[in-house]
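Notes for the one structure printed next.
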C-alpha cells in the first residue's frame, strides 16, 4: 500500500461532488441545519453504503442538498484538490455537474468559476474540468448547459461528460449534444456499460462517437465490441472499486481487467466517487496488484499507460511520462536501499 501511495498518479474519471472529504461535507451539513442521521464525521461513511445503483443515485442527490452557494463549490474544489495532492496525484480531469443547482439560482458559469478558483487556491496540482451534462435532465437541458459553459471555457474546461441514469436516458437521446460539443472543440466522454449492458456501450460508440467511455465494464465479454472500441480510438475510464460498490461487478476477483488488457484498449484506472465509495487510487492499484494478480511491474505499467488517455497535448503526455518514470525509479531505488539496510 505504501508503494502505491508514493507512486505518481493521475485521475481521469473523478466526480467533484463524489470526492468531498468527510470533514468538509460534515461542516456543510452543519452549515445548513444538520441531518438527524449525521451526528459525526464517521456517520457520513456509514451513510454511503449502497444497496444498488439506484440507491447510489438517491444518496448522490441527498449529498447535493448541502451545496447551495458558490462559496460551497469553491470550498469543496480546494479541499478535493488538496486531498488528491496528499495522494501524489499529479494531474486530474474532474467531472462537475452544475446544472442540477440551477434551481437554487446558481448559474453553471458561476459554479465553474468558483470551482476553478478553488482548484487554483490549492496549488501544486494540475486540474482540468469536464462538465457532466447529467442525462437525467434530458437532451434539451443538456444543450442549454453546453451553451452556458462555452462562455467560461477559459476556466479550464476541456470536455463534456454524460453521467446519470444510463437505463432511463440512453445514448440515443444525445447525438446532437455530442456533435455540437465536438464542433465547439470540446472532448467528449460518456458513462456507459455501468448500469446497463453491452448494447448500451455499442449504441454509445455508434451514435455518440465519444473520445472516452466511462466504466464500460458490461462490454468486457463482447470481443467484437471491444475491437470496435479499439478501432475507433476510444479510451476507457475504468473504475473497478466503484463497479464493485454499485453491484456492476459482484466480486473483486471477477473484475474483468484481463479482458481490457487482452483487447489492447487504451484504459486508465480511476476512483469515480472516492468519498462515497471509500476508495482511493492506492486501493485501486493494490487491488489490481494483489486481488487481480497482475503484480507490481504490470500495475506500474498501468499507471504510466493512464497518461495516454489524458486530454492534454502529445508533448505534455511525453513530458509527464518521463517525469513519472524518473520518480518511479527513485521510489524503487529508495525502497531497495531500505531493504538492504
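The values are calculated or read from the model by the stated rules, or taken from the named source; none is laboratory data. Because the structure is predicted, anything quoted here is derived from the model rather than measured. When we count neighbours, we look across all protein chains shown, and the Cβ atoms used for this are built from the backbone with ideal geometry, even at glycine.
Quick one: which residue in 10, 29 is in contact with a strand residue (DSSP E or B) (Cβ under 7 Å, 6 or more places away or on another chain), assigned to a helix (DSSP H, G or I) and either under 30 Å from residue 307 (Cα atoms) or modelled with pLDDT of 95 or more (or both)? Going through 10, 29 in turn, the sole match is 29.
When the residues of region 306-341 are filtered to those that are modelled with pLDDT under 95 and surrounded by 14 or more Cβ atoms within 10 Å (Cβ to Cβ), the one that is nearest to residue 88 (Cα to Cα) is 331. If you take the residues of region 82-105 that are free of Cβ contacts under 8 Å to residues at least 40 places away in the same chain and over 16 Å from residue 18 (Cβ atoms), which of them is nearest to the chain's Cα centre (by Cα)? Once the filter is applied, the top-ranked residue is 86.
Filter region 69-90 down to the residues that are within 30 Å of residue 321 (Cα to Cα) and part of a helix (DSSP H, G or I) and list them by number.
76, 77, 78, 79, 80, 81, 82, 83, 84, 85, 86
Being under 30 Å from residue 250 (Cα atoms) and either under 20 Å from the mean Cα position of the chain (by Cα) or crowded, with 19+ Cβ neighbours inside 10 Å (or both) is not true of residue 79. Looking across region 91-106, the residues that are surrounded by 19 or more Cβ atoms within 10 Å (Cβ to Cβ) and not in a helix (DSSP H, G or I) come down to 91, 92, 93, 94, 95, 96, 97, 98, 106. Restricting attention to region 260-291, the residues that are farther than 14 Å from residue 244 by Cα, in contact with a strand residue (DSSP E or B) (Cβ under 9 Å, 6 or more places away or on another chain) and either in contact (Cβ under 8 Å) with a residue 40 or more places away in the chain or assigned to a helix (DSSP H, G or I) (or both) total 8. Is it the case that some residue within region 221-229 is surrounded by fewer than 24 Cβ atoms within 10 Å (Cβ to Cβ), more than 21 Å from residue 163 (Cα to Cα) and touching a strand residue (DSSP E or B) at 6+ places or on another chain (Cβ under 8 Å)? No, region 221-229 contains no residue that is surrounded by fewer than 24 Cβ atoms within 10 Å (Cβ to Cβ), more than 21 Å from residue 163 (Cα to Cα) and touching a strand residue (DSSP E or B) at 6+ places or on another chain (Cβ under 8 Å). From the list 114, 121, the one residue that fits, being at pLDDT 95 or above and buried (at least 18 other Cβ atoms within 10 Å of the Cβ), is 114. Go through region 1-41 residue by residue and tally those that are more than 30 Å from residue 113 (Cα to Cα) and without any contact (Cβ under 8 Å) to a residue 12 or more places away in the chain. Residues meeting the conditions: 4. Taking (1) closer than 18 Å to residue 162 by Cα; (2) under 19 Å from the mean Cα position of the chain (by Cα); (3) modelled with pLDDT of 95 or more in turn, residue 108 satisfies each apart from (2). Kindly provide the set of residues from region 299-325 that are in a helix (DSSP H, G or I) and touching a helix residue (DSSP H, G or I) at 6+ places or on another chain (Cβ under 8 Å), ordered by number. Within region 299-325, 299, 300, 302, 303, 304, 307, 308, 317, 320, 321, 324, 325 qualify. If you go through region 51-71 and keep only what is touching a helix residue (DSSP H, G or I) at 6+ places or on another chain (Cβ under 6 Å) and surrounded by 17 or more Cβ atoms within 10 Å (Cβ to Cβ), you end up with 66, 70.
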